[in-house]
Amino acid sequence: MPKQYEHQEGSSLRLEKFHGIIPAFYACYDDQGNISEPRTKALCDYLLEKKVQGVYVGGSSGECIYQNLDERKAILGYVAEHLKGKMTLIAHVGAPSTRDSVELAKHAASLGYDALSAIPPIYFKLPDSAVYKYWSEIIDATPLDFIIYNIPQTTGYTLTTSLFAKLLANPKVIGVKNSSMPTMDIERFKKVGGDNVIVFNGPDEQFVAGRIMGADAGIGGTYGAMPELFLQANQFIQQGKFEEAKLIQSEINDIIIALVSLDGSMYAVIKEVLNRRGVNIGSVRGPLEGISNEDAGRIDKIIHMIDKSIARFCE
């Protein structure tokens, strides 16, 4: 192992709680589009019942860029109050400014979250030096572990292995949530970090491929719509049943294609899937689009696809 990572030796036990299936938590609104405490807790109960390993709160699926600081703090608080000590809690605290990100980080730490995470700064094209400083200031603001979030297709910034290695010199940096599409990126980050760093697969469409290429776990935006399928896919991989894992990934991909093929935002469609299962968490916040009248009739078909796959692989 490279010398700069020697101080992380023996951290495998510290990372165990981050392994497994970790859904990206959805924003839960009331019928007027405001943050809803009871609906947030209903989603907590649903995911707890499904026995996922943790939740990633306040990221893309949580519509964080369309919420103000008070709203984001409230969501972090509702989830912590309901799930702290019951599953792993990761707070995404990335915000347009370093100041806001640090404020969110300190709030999450006060609530007892297990780790922080953040996208790189968005809008302005910044050099690595500025991105490094941004992440470092968040990391240094609390005692919590930190997970880098690499999602170049939405942020416009691509994490390099050299900057990843530089950040890993800080013992609080425990890994990366990699949502770039090439699975080679997962292999490269894992090669840099080794066994004492955790790499999360981000793109749900390649969960199985990502795990085989070296990802230790997964954080995903569609997990909440079909947690059983991702839990079973992960179990197949752990058991070395790679052909079965490929089959379940194929059906997951069919479902994801269906989720993104309707008029509304994928998250609006997922929320309606959950609503029809008795978990009403509202719709999405503009400019994301809600489901259309045409969507309403198609969602039953998506639910049937999910149920059919669960019956095939999980029962």
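The values are calculated or read from the model by the stated rules, or taken from the named source; none is laboratory data. For clarity, every value in this text was computed on a predicted model and none was experimentally measured. Counting neighbours? That spans all protein chains shown, and the Cβs are built from the backbone with ideal geometry, glycine included. Side chains are part of the model used for accessible areas, which takes the heavy atoms of the whole protein and leaves out ligands, DNA and RNA. Shrake-Rupley method; radii C 1.70, N 1.55, O 1.52, S 1.80 Å.
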* Asked: basic (Lys, Arg) and out of contact with any helix residue (DSSP H, G or I) (no Cβ under 8 Å at 6 or more places or on another chain) - does that describe any residue in region 244-266?
  -> no
* Residue that is nearest to Lys190 (Cα to Cα), among those in region 217-233 that are open to solvent by less than 10 Å² (accessible area, probe 1.4 Å) and part of a loop (DSSP other than H, G, I, E, B) -> Thr222
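Rundown of residues vs (1) charged (D, E, K, R); (2) on the phi > 0 side of the Ramachandran plot; (3) free of Cβ contacts under 8 Å to residues at least 40 places away in the same chain, yes/no style:
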position: Leu168; (1), (2), (3): no, no, no
position: Val176; (1), (2), (3): no, no, yes
position: Ser180; (1), (2), (3): no, no, yes
position: Val199; (1), (2), (3): no, no, yes
position: Asp204; (1), (2), (3): yes, no, no
position: Gly210; (1), (2), (3): no, no, yes
position: Gly218; (1), (2), (3): no, no, no
position: Thr222; (1), (2), (3): no, no, no
* To do: Scan region 265-315 for residues that are hydroxyl-bearing (Ser, Thr, Tyr), more than 26 Å from Glu37 (Cβ to Cβ) and outside any helix (DSSP H, G or I) and jot them down.
  => Ser292
* Asked: Which one of Glu294, Glu251 is in contact with a Lys or Arg (Cβ under 8 Å, 6 or more places away or on another chain), surrounded by fewer than 20 Cβ atoms within 10 Å (Cβ to Cβ) and over 20 Å from Gly59 (Cα atoms)?
  -> Glu251
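Yes/no per residue for (1) small (Gly, Ala, Ser); (2) touching a Phe, Trp or Tyr at 6+ places or on another chain (Cβ under 6 Å); (3) in contact (Cβ under 8 Å) with a residue 60 or more places away in the chain; (4) over 17 Å from Tyr29 (Cβ atoms):
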residue: Ile237; (1), (2), (3), (4): no, no, no, yes
residue: Ile257; (1), (2), (3), (4): no, no, no, yes
residue: Val279; (1), (2), (3), (4): no, yes, yes, no
residue: Gly282; (1), (2), (3), (4): yes, yes, yes, no
residue: Ser292; (1), (2), (3), (4): yes, no, no, yes
residue: Gly297; (1), (2), (3), (4): yes, no, no, yes
residue: Ile303; (1), (2), (3), (4): no, no, no, yes
residue: Phe313; (1), (2), (3), (4): no, no, yes, yes
* Structure fact -> Residues of region 1-47 being more than 21 Å from the chain's Cα centre (by Cα) and modelled with pLDDT of 95 or more, in sequence order, are Asp30, Asp31, Gln32, Gly33, Asn34, Pro38
* Asked: Can Thr222 be described as of a type in the set (Ser, Thr, Tyr), at pLDDT 95 or above and under 17 Å from the mean Cα position of the chain (by Cα)?
  -> yes
* Asked: Given (1) closer than 18 Å to Ile219 by Cβ; (2) free of Cβ contacts under 8 Å to residues at least 24 places away in the same chain, where does Tyr113 come up short, assuming only one miss?
  -> (2)
* With the condition kept exactly as written, say whether any residue in region 268-280 is open to solvent by 20 Å² or more (accessible area, probe 1.4 Å), modelled with pLDDT under 95 and among the polar types (S, T, N, Q). => no
* Among the residues of region 234-245, is any touching a Leu at 6+ places or on another chain (Cβ under 7 Å), of a type in the set (A, V, I, L, M, F, W, C) and open to solvent by 30 Å² or more (accessible area, probe 1.4 Å)? -> no
